[in-house]
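The values are calculated or read from the model by the stated rules, or taken from the named source; none is laboratory data. None of the values given here were measured: they were computed from a predicted structure. Neighbour counts are summed over all protein chains in view; Cβ atoms, including those assigned to glycine, are modelled from backbone coordinates with ideal geometry.
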Amino acid sequence: MRAPLFKTRITELLGIRHPILCGGMGPGVSDARYVAAVVNAGGMGFIMALGWADPDAFRAELRKCRELTGGKPFGVNLYISRQAGGVERALQQVRVLCEESVACVETAGASPEAILPILRDANIKIIHKVPAVRYALTAQRLGVDAVSIVGAECGGHPGVYQIGSIVQAAHGPEVLNIPVVIGGGIGTGRQIAAVLAMGAEAVVIGSRMLVADELWINRKYKELVAAADGTESIIVKTAIRDHHRVYHNESARAVAELDSQKVTDFELYRPHVMGTLAREAYRSGDPSKGMLDFGPSVVFAKQIESVEQIFDGLIDDAAEALPRLQRLTCPSTALPTP
């Protein structure tokens, strides 16, 4: 494991070695084994609460992660659905993770306002994930500890405004007082160094980690990711304003056709977007069906390797990037001392 290279407000807030967060991947992709590997490699990972519908199974997964990390802090991804009953389901999950002394949560989806008091009372750190700076400003007013802002390049949900990560990495820290984490298209240490230079405190990565050896998904799917060149994704569900960047497969084409017809009845989308389809694709290695989060940063995922090897590569790459600006600086110009 590499020695710490950066000290930021996020590494201090979460007590982690590297400013690298591995966002929750679903359904149930981010499980205890994978999250523990992330934590043990010096980052912060988030178990997907939605991956376990049964509270007892969810509790068991949290306890398994604590055992695998040797008691080190880990996180949980809480997706708050905008559908009826979404907040109530999140509250049920919150009760379990509070009882199990989870260190931090990555909230996403609808506003986390309804669950914030419970999380604060349990001294759980709250990082709210949003697809645009305007939403991050609202989250800051609500009192979250930090925000993750993901750009148009992210696999998963890049939002309706489709603002690029390089814009948000510069804009977010300029207008926010709380720590900013940047995601979307991040897959190299050079990018980590760049967003830190722009004022962010950490990165959040997802698609780049799909080749991690510790993920339970089928090796054939990991090999597909390793061979990808970053052009294989498509954004669908635009007609219902739930933009979703996924692997361009049979299900995605069916949903894109509904989008082209301006269909807004979710029931017509349901057969193509059910979580069971994605889970089966990950289990079998057949990527033809399901909404499979897939961002262009897969181009950096060239081989299957352990989480620690991926992290080591990211930190080594960041370390090599740091002197570059000094080398490019005109001889008559001295860079200011930090």
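Miscellaneous remarks
- Qualifying residue in segment 175-187 (condition: assigned by TED's automatic domain parsing to the domain that holds Ile16, in contact with a His (Cβ under 7 Å, 6 or more places away or on another chain) and surrounded by fewer than 24 Cβ atoms within 10 Å (Cβ to Cβ)): no
- Here Gly151 meets each of (1) within 19 Å of Arg241 (Cβ to Cβ); (2) touching a helix residue (DSSP H, G or I) at 6+ places or on another chain (Cβ under 9 Å); (3) modelled with pLDDT under 95 with one exception, condition (3).
- Of all residues in segment 136-168, those that are more than 18 Å from Cys22 (Cβ to Cβ) and among the hydrophobic types (A, V, I, L, M, F, W, C) total 10.
- In segment 1-17, the residues that are surrounded by 21 or more Cβ atoms within 10 Å (Cβ to Cβ) and part of a helix (DSSP H, G or I): Ile10, Thr11, Leu14
- Residue match in segment 109-120 (condition: in the same structural domain as Asn177 (by TED's automatic domain parsing), out of contact with any Phe, Trp or Tyr (no Cβ under 9 Å at 6 or more places or on another chain) and in contact (Cβ under 8 Å) with a residue 40 or more places away in the chain): no
- If the condition is being out of contact with any helix residue (DSSP H, G or I) (no Cβ under 6 Å at 6 or more places or on another chain) and assigned to a helix (DSSP H, G or I), then segment 283-314 contributes Arg283, Ser284, Pro296, Val299, Glu308, Gln309, Ile310, Phe311, Asp312, Gly313.
- Matching residues in segment 60-93 - criterion: being at pLDDT below 95, under 20 Å from the mean Cα position of the chain (by Cα) and among the β-branched types (Val, Ile, Thr): Ile80
- Yes/no for Gly275 being touching a Cys at 6+ places or on another chain (Cβ under 6 Å) and among the small types (Gly, Ala, Ser): no
- For segment 107-166, the set of residues classified as in a helix (DSSP H, G or I) and small (Gly, Ala, Ser) consists of Ala136, Ala139, Ser165, listed by residue number.
- From the options Val94, Val133, Val102, residue that is in contact with a Phe, Trp or Tyr (Cβ under 8 Å, 6 or more places away or on another chain) and either surrounded by 15 or more Cβ atoms within 10 Å (Cβ to Cβ) or assigned by TED's automatic domain parsing to the domain that holds Glu153 (or both): Val102
- For the condition assigned to a loop (DSSP other than H, G, I, E, B), of a type in the set (A, V, I, L, M, F, W, C) and either in contact with a His (Cβ under 7 Å, 6 or more places away or on another chain) or in the same structural domain as Ala110 (by TED's automatic domain parsing) (or both), Ala193 does not qualify.
- Summed over segment 301-314, the residues that are of a type outside the set (D, E, K, R) and surrounded by fewer than 21 Cβ atoms within 10 Å (Cβ to Cβ) give a count of 5.
- Segment 234-269, subset more than 21 Å from Gln162 (Cβ to Cβ) and among the aliphatic types (A, V, I, L, M), residue surrounded by the fewest Cβ atoms within 10 Å (Cβ to Cβ): Leu268
- Taking the criterion of being over 13 Å from the mean Cα position of the chain (by Cα), part of a helix (DSSP H, G or I) and in contact (Cβ under 8 Å) with a residue 40 or more places away in the chain, the residues of segment 23-35 that qualify are Arg33, Tyr34.
- Residues in segment 196-206 that are in a loop (DSSP other than H, G, I, E, B) and not acidic (Asp, Glu) were compared, and the one that is surrounded by the most Cβ atoms within 10 Å (Cβ to Cβ) is Ala200.
- Residue that is among the β-branched types (Val, Ile, Thr), buried (at least 21 other Cβ atoms within 10 Å of the Cβ) and either without any contact (Cβ under 8 Å) to a residue 40 or more places away in the chain or not assigned by TED's automatic domain parsing to the domain that holds Pro173 (or both), where the choices are Ile47, Ile20: Ile47
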